[in-house]
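Working notes for the structure below.
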Amino acid sequence: MPGRARRLLLLGLAALLAAGTFLAASTSASATATTCPTTIAPVTNEQIDRVFALAAKKFQPLAQRTRKRFPFGAAQNSTAMDTTNLRGWTSGFFPASTWLIYQNTNNPRWLDLARAWTKAVLPVASWTGTHDLGFMVGLPAALGVELDPSAKLRTDYRKAMLTASESLSSRWNAKVGAFKSGEYDGQWGLIMDSAMNAPLLITRGQQLGGSRGAQLEQRGTQHLLTLARTFIRPDGSTYHRLAFDTSTGALTGPVPGQGADPDSAWARGQSWAIYGFAQGAALTGDQTLLAAAQTTADYWLSKVPNGCIPAWDLDIDTPGALHDSSASAIAANGLLLLATLTTDQAKAEAYRTAALTSLGTLASEEWTPTTSPNPGLLQKQTYNVPKYDYEGSYSWGDTYLLQALRTARPLIS
Ligand code: GLY
């Protein structure tokens, strides 16, 4: 048996043993392990109201804590929220969630909290040691620009977005045509997740204008085009991490990441691809990026039936495998955006239906339970199963669930 197949089989067996039993799960015809509700239906306004009320209730005590530490997540059976410092890649998600709750409640207390948490995270914008500034600064600052009534504070948020764009741009490598994600197995590497950080450069570059703005926009766009050229396999699935030779810019090959295998399709990586490419296409109108978003979305749809939630890796076909509900929440954002860009109406409808039905599942008691002692919102997420083989709630899944629900609301009203 080839190494990859053997590794996937072993991981599947380990998941089965950990689960102890077969879940009441269904498996799609294309053999990704998925968990499906008995009734598959688009999300409703009542569900959206319930999830936002639950988020406000759960996050209120967290929002009162010191803003030197940022909520990260909690393992399934934990009642304590783990935190990260300012430089953790997740530091921007809780601030972003406070903006989304403020918008939903229109309560000035949440405006104060959103401002305070955003102020706490913005200083990281000048740090050039990470590629994740789109998550850390771009996301909460863009929500602040959209929702803060204060013109002065909106200017501060835009300044921080520019600083973060310049920091990210300092990691540019002209030979590869991308900014560095990290060092993987001692090699210069790119990660699929970085598709979510590139749109910050495009947005800010377009707002700034002039030659500096044009360079930021060009680099953000080129980064996404390089990802589209190198990360998407012929079947539409994506690699998680790739290494490059910086003397020539040539791809040297896949390296282990958060998926089951360097050659498998890590579920969250696939969802980062859909949403990142869709944002790039929306911002630039680039047809290659639109095709990349559609190809990666079509692969997702071929593996995840409407209303169902996948295992953490789309190549795992063992019922009972650990889930990644955050991948579904992220994919829902990407599919809703992609539906607005796709001219083929049947295809656009398929993307919208997939997103709204998966949100119907995520907003149900099974995935966002009202009474769970776990301090997070969206349950059955996974972070990095090869290292941490358990489910939990995590700040990114919570934020992207709230964001997808706010996008969904006008579509179902
Ligand atoms: N960017 C890391 C992750 O998605 O887990």
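Which helices (runs of 4 or more DSSP H) sit wholly inside region 300-413 and have at least 1 residues that are within 23 Å of ARG50 (Cα to Cα), without any contact (Cβ under 8 Å) to a residue 12 or more places away in the chain and away from the ligand (no atom under 15 Å from the Cβ)?
395-412
Taking the condition crowded, with 21+ Cβ neighbours inside 10 Å and in contact with a Leu (Cβ under 9 Å, 6 or more places away or on another chain), does LEU362 pass?
When the stated conditions are applied, LEU362 passes them.
Looking at region 32-58, which of the residues that are crowded, with 22+ Cβ neighbours inside 10 Å and hydroxyl-bearing (Ser, Thr, Tyr) is modelled with the lowest pLDDT?
THR32
Which pairs have Cβ atoms under 6 Å, sit 6 or more apart or on different chains, and link a residue in region 179-193 that is in contact (Cβ under 8 Å) with a residue 24 or more places away in the chain and within 12 Å of the ligand (Cβ to nearest atom) to one that is among the aliphatic types (A, V, I, L, M) and not in a strand (DSSP E or B)?
So the pair list comes out as MET192/ALA273.
For region 182-195, which residues satisfy the criterion of being of a type outside the set (Gly, Ala, Ser) and surrounded by fewer than 24 Cβ atoms within 10 Å (Cβ to Cβ)?
Going through region 182-195, the residues of a type outside the set (Gly, Ala, Ser) turn out to be 183-185, 187-188, 190-193.
GLU183, TYR184, ASP185, GLN187, TRP188 - these are the residues of region 182-195 that are of a type outside the set (Gly, Ala, Ser) and surrounded by fewer than 24 Cβ atoms within 10 Å (Cβ to Cβ).
Which of the numbered conditions does GLY253 fail, given that it passes all the others? Conditions: (1) open to solvent by less than 60 Å² (accessible area, probe 1.4 Å); (2) more than 22 Å from PRO386 (Cβ to Cβ); (3) of a type outside the set (D, E, K, R); (4) not in a loop (DSSP other than H, G, I, E, B).
(2)
From the set of residues in region 256-278 that are assigned to a loop (DSSP other than H, G, I, E, B) and closer than 8 Å to TYR239 by Cα, which is farthest from the ligand (Cβ to nearest atom)?
ASP263
Within region 128-168, can you find the residues that are within 16 Å of the ligand (Cβ to nearest atom), open to solvent by 10 Å² or more (accessible area, probe 1.4 Å) and not small (Gly, Ala, Ser)?
Hits for region 128-168 are THR130, HIS131, ASP132, LEU139.
Could you identify the single residue in THR343, THR399 that is over 18 Å from PRO310 (Cα atoms) and open to solvent by less than 10 Å² (accessible area, probe 1.4 Å)?
THR399
Can you work out which of the residues in region 297-339 that are open to solvent by 10 Å² or more (accessible area, probe 1.4 Å) and among the charged types (D, E, K, R) is farthest from SER271 (Cα to Cα)?
ASP317
The values are calculated or read from the model by the stated rules, or taken from the named source; none is laboratory data. Keep in mind that what you see is a predicted model, and the values were worked out from it rather than measured. Cβ coordinates were reconstructed from backbone atoms using ideal geometry, including for glycine residues, and neighbour counts include every protein chain displayed. The area values use the complete protein model at the heavy-atom level, side chains included, leaving out ligands, DNA and RNA. Shrake-Rupley method; radii C 1.70, N 1.55, O 1.52, S 1.80 Å.
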